[in-house]
Amino acid sequence: MAGAGAGCGSDPDAQPTVASVDFDPRLVVTVDDGGISAEPGDRSGAEAGGAGGAEWTVPTGSVVDLTVTGDEPHRVVITVSPTDRADDPDAERPWVDAGTLLPGETTVLGLSAAGVYRVSASSPASADPSATLVLEVRPRLEG
């Protein structure tokens, strides 16, 4: 009887469950030979404009698809600044270096922290960013 009762208690080594993630993007960012553009994705919540000269605003926890199109590969680097210091170059920190993405490649970004993100792209011919897109990630409103 002791063996049958042992399985009824809680497992002291239980692992947390994995949260359900919705990978439908709120925003779709496209890098091509002419620059960087963005448009709302399948999931609602992206708004035009924002702090620090942002072109788009999304809530924390948003998924963003980043796709390279056109004829040339592009190196994509993303930096982040706190929202209240978006115009202070000393507050800007590296966040993601996606490396060189070939035309047709897509990477998925999960934006979990509030701040102002600068997505910069450069072609292999130039180390200097040829285009930048600014996104503001705002904390979710509770309620």
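The values are calculated or read from the model by the stated rules, or taken from the named source; none is laboratory data. Note that the structure is a prediction, hence the values are computed from the model and not measured. For neighbour counting, all protein chains shown are included, and Cβ atoms are generated from backbone atoms with ideal geometry for every residue, glycine included.
General observations
- Failed condition for residue 71, given (1) farther than 27 Å from residue 24 by Cβ; (2) in contact (Cβ under 8 Å) with a residue 60 or more places away in the chain; (3) not hydroxyl-bearing (Ser, Thr, Tyr): (2)
- Residues of segment 108-119 include none that is outside any strand (DSSP E or B) and over 16 Å from the mean Cα position of the chain (by Cα).
- Scan of segment 76-106 for residues that are at pLDDT 90 or above and in contact with a helix residue (DSSP H, G or I) (Cβ under 8 Å, 6 or more places away or on another chain), ordered by number: 81
- Filtered by the rule that a residue be more than 14 Å from residue 68 (Cβ to Cβ) and surrounded by 11 or more Cβ atoms within 10 Å (Cβ to Cβ), segment 98-117 gives 110, 111, 113, 114, 115, 116, 117.
- Conditions (1) out of contact with any Phe, Trp or Tyr (no Cβ under 7 Å at 6 or more places or on another chain); (2) in a strand (DSSP E or B): number failed by residue 124: (2)
- Residue count for segment 39-68, restricted to those that are buried (at least 21 other Cβ atoms within 10 Å of the Cβ) and either free of Cβ contacts under 8 Å to residues at least 60 places away in the same chain or under 12 Å from residue 119 (Cα atoms) (or both): 5
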